[in-house]
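K.L.:
Below is the structure I would like to discuss, written out as structure tokens.
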Amino acid sequence: MKFTKLNRTVHNWLSIFVALPLLLVIVSGMFLLLKKDVQWIQPSSVRGVSAQIPQISHSDMLRAVNSVEQTAGLKWTDFDRIDYKVDKGMLKFITHDQWEVQVDTTTGEILSSKARRSDFFEKLHDGTYFGDWMKYYVLIPSAIFLFTLWMSGLYMFIYPYFKRAANKRNKKLKAQKHN
């Protein structure tokens with residue numbers, strides 16, 4: 001089988017296996033690109049009163065967060081993560097259920113309490129939503145296949161130009177030999 005035919009066959013078959021995982025990465029990636037622009041994906045960070053050293057204690061901040069219905073009764077260890085935004089004078093409490101509460105570090109006031117979907121899209125994007133098997137057995141092979149598709153597609157694009165140039169060169173050499 002000629003390399004050109006083999007290349008086209010490999011290119012066609014790999015595209016079938018890459019299609020769904022690539023679609024997942026593309027769609028989730030589009031949402032992630034917009035996460036700072038669309039509040040539905042990730043709530044905007046609200047600026048607190050002061051970007052100075054926090055004025056209220058950690059226990060007061062937790063008490064403020066517990067005043068929100070979605071986070072009532074949660075302890076420090078019940079949160080997925082807590083992000084200090086020192087430059088904005090606030091603290092983000094993010095639950096495992098992807099609820100985000102922002103607390104002013106000066107007054108203890110609740111600045112925002114909204115659903116946060118960006119973490120869900122990140123987990124879809126890197127495959128961890130489905131488990132590590134998805135990352136290792138689907139997404140990494142898909143990335144390798146996608147790279148192979150890129151290489152074979154590039155070959156299919158460039159090959160005709162090289163072939164034409166070689167044909168022109170051969171015609172010139174034949175013409176020179178006959179003269």
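K.L.:
Need one number: nm distance between label points at A72 and K123, each 7 Å from Cα along Cα→Cβ, rounded to one decimal.
P.N.:
Result: 2.5 nm between the two label points.
K.L.:
Using the Karplus equation 6.51 cos²θ - 1.76 cosθ + 1.60 (θ = phi - 60°), what ³J(HN,Hα) coupling, rounded to whole Hz, does each residue of the range 110-127 give in order, writing x for Gly and Pro?
P.N.:
6, 8, 7, 8, 8, 5, 10, 9, 5, 5, 4, 5, 5, 5, 5, 4, 9, x
K.L.:
So what is the relative contact order for the range 43-116, in percent, with contacts set as C-alpha pairs under 8 Å and at least six apart?
P.N.:
38 percent
K.L.:
For q values of 0.11, 0.15, 0.22, 0.26 Å⁻¹, compute log₁₀ I(q)/I(0) with the Debye formula on a Cα-only model of the range 43-116, without solvent.
P.N.:
-0.21, -0.40, -0.88, -1.23
K.L.:
Tell me, what HN-Hα J-couplings in whole Hz come from the Karplus equation 6.51 cos²θ - 1.76 cosθ + 1.60 at θ = phi - 60° for each residue of the range 93-104, using x for Gly and Pro?
P.N.:
For the range 93-104, the Karplus-derived couplings read 9, 10, 7, 5, 7, 6, 10, 10, 10, 10, 10, 5 Hz, x marking Gly and Pro.
K.L.:
Classify the range 74-140 as rounded, prolate or oblate from the Cα gyration tensor: take a ≥ b ≥ c as the square roots of its eigenvalues, call it rounded if a/c is under 1.5, otherwise prolate when a/b beats b/c and oblate if not.
P.N.:
prolate
K.L.:
Positive end of the dipole of the range 76-179, charges at C-beta (+1 Lys, Arg; -1 Asp, Glu), about the Cα centre: which of V101, F147, Y159 has its Cα farthest in that direction?
P.N.:
My answer, from the dipole projection, is Y159.
K.L.:
Considering Cα pairs under 8 angstrom that are at least six residues apart, work out the relative contact order of the range 35-179 and quote it in whole percent.
P.N.:
Relative contact order here is 20 percent.
K.L.:
Sticking with this structure for a sec: Quick one, what does Rg over Rh come out to for the chain if you take C-alpha atoms and the Kirkwood Rh?
P.N.:
Ratio of gyration radius to Kirkwood radius for the chain: 1.33.
K.L.:
Okay, next question. If you average the C-alpha positions of the range 150-179 and of the range 125-139 separately, how far apart do those two centres end up, in angstrom?
P.N.:
That distance is 44 Å.
K.L.:
Amide H neighbours of M90 under 5 Å, counting only residues 5+ apart in sequence or on other chains, H built in-plane at 1.01 Å?
P.N.:
Residues meeting the criterion, in which the H sits 1.01 Å from N, are G48, K85, T105.
K.L.:
Could you list M90, M61, M1 so that the one with the fewest beta carbons within 10 Å of its beta carbon is first and the one with the most is last?
P.N.:
Fewest-to-most ranking of M90, M61, M1: M1, M61, M90.
K.L.:
I've got another one for you. So who's got an amide H within less than 5 Å of the one on Q55, skipping anything under 5 residues away but keeping other chains? H placed 1.01 Å off N, in plane.
P.N.:
For Q55, whose amide H was placed from the backbone, the distant partners under 5 Å are T106.
K.L.:
List residues of the range 6-23, by number, whose backbone nitrogen lies under 20 Å from a label position 7 Å along Cα→C-beta of A143.
P.N.:
14-23
Every read-out reported here was derived from the displayed coordinates using simple, explicitly stated rules and does not represent laboratory data. The structure displayed is predicted, hence computed values, not measured ones. FYI the Cβ positions are ideal-geometry reconstructions off the backbone, even for glycines, and counts take in every protein chain you see.
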